[in-house]
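Only one structure is covered here, and it is reproduced in the block below.
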Amino acid sequence: MLLAAALTTLTLGAYAPPANAEYGDIVINNYSDEAGMRPPIFPHWFHRIRFRCKICHSDLGFKFKAGGNDINMAKIINGEFCGACHNGEIAWSIENCEVCHSAKPGTPTQVHRSTLQTLIMPLGK
Ligand code: HEC
Ligand code: HEC
Ligand code: HEC
C-alpha cells in the first residue's frame, strides 16, 4: 500500500504539466489567489476525450461556464466536482496539489483561446 502510494507520487512528479495553458484549458480562480494557492488549470480536452459531456455537465452538475461553479477543497474532498474522480480510484487523488494548481499566480478565471503557444512550441523544438 505505502509503496504503491510512493510510486504514484513519483510518476506524478514526472508528468506534472508546465505552467502555461493550452487551447481550451480553463483557469478557475474564484478563491485560489486569495488563499495564496496558484489557480488550478482544468485541461478540458484531456477530459473530453475520456468522458462524455453528460457525466460532468449533467451527472456531476458542472455548469457550462468558466468559474461558474462554486468549487472549494472541502467539496472536492467530499467527492463533489473534481473530487468525484480525483479520489485515488478513477483518477489520482487530491494530495497532488500542484498537478491541478499549476497556473501562474494572478491568472484570472478564463478559457484559454490562444493557439499561438500550442502552434509555435512544437515547431521551435
Ligand atoms: C471531466 C469533466 C468534463 C467533461 C467530460 C466535459 N466538461 Fe465541459 N467543463 C468542465 C469544467 C470543470 C468546466 C469549467 C467549469 C468551471 O470553471 O467552474 C467546463 C466548461 C465547459 C464550457 C464553458 C467553457 C468553454 O469552453 O466555453 C463548455 C461550453 C463545456 N464545458 C462544454 C463541454 C462539452 C460540449 C463536453 C463534451 C464534449 C464537455 N464540456 C465535457 C468539465 C467537463
Ligand atoms: C469524470 C472524472 C473526472 C473529473 C470530474 C475530473 N477529472 Fe481530472 N482527470 C480524470 C482522469 C481519469 C485523469 C487521468 C488520470 C491519469 O492519467 O491517471 C485526469 C487528469 C487530470 C489532470 C492531469 C492532466 C494531464 O495532462 O495529465 C488534471 C490537471 C486534472 N485532471 C484536473 C482536474 C480538475 C481541476 C478537475 C475539476 C475542475 C477535474 N480534473 C475533474 C478524471 C476526472
Ligand atoms: C483535482 C484538482 C485539484 C487538486 C488535486 C487540488 N485542488 Fe485545490 N482546488 C481545485 C479547484 C478546482 C479549486 C477552486 C479554484 C478557485 O475557484 O479558485 C480549488 C481551490 C483550492 C483552494 C481555495 C478554496 C478553498 O477551498 O480554500 C485552496 C486553498 C486549495 N484549493 C488548496 C489545495 C491544496 C493544498 C491541495 C493539495 C492538498 C489541492 N488544493 C489540491 C482543484 C484541486
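The values are calculated or read from the model by the stated rules, or taken from the named source; none is laboratory data. Values in this document were obtained by computation on a predicted structure and should not be read as measured data. Neighbour counts run over all protein chains shown; Cβ positions are idealised from the backbone, glycine included.
A few remarks follow.
- The set of residues in segment 31-50 that are assigned to a loop (DSSP other than H, G, I, E, B) and exposed (fewer than 15 other Cβ atoms within 10 Å of the Cβ) comprises Tyr31, Gly36, Ile49, Arg50.
- Test: residue in segment 62-79 that is surrounded by 12 or more Cβ atoms within 10 Å (Cβ to Cβ), modelled with pLDDT of 95 or more, β-branched (Val, Ile, Thr) and not in a loop (DSSP other than H, G, I, E, B): yes
- Meets criteria (among the hydrophobic types (A, V, I, L, M, F, W, C) and under 15 Å from the mean Cα position of the chain (by Cα)) for Ile55: no
- Residue in segment 44-62 that is more than 11 Å from ligand 2 (Cβ to nearest atom), among the small types (Gly, Ala, Ser) and within 20 Å of Tyr23 (Cα to Cα) present: no
- Inside segment 92-108, residues that are part of a loop (DSSP other than H, G, I, E, B) and more than 7 Å from ligand 3 (Cβ to nearest atom) make up a count of 9.
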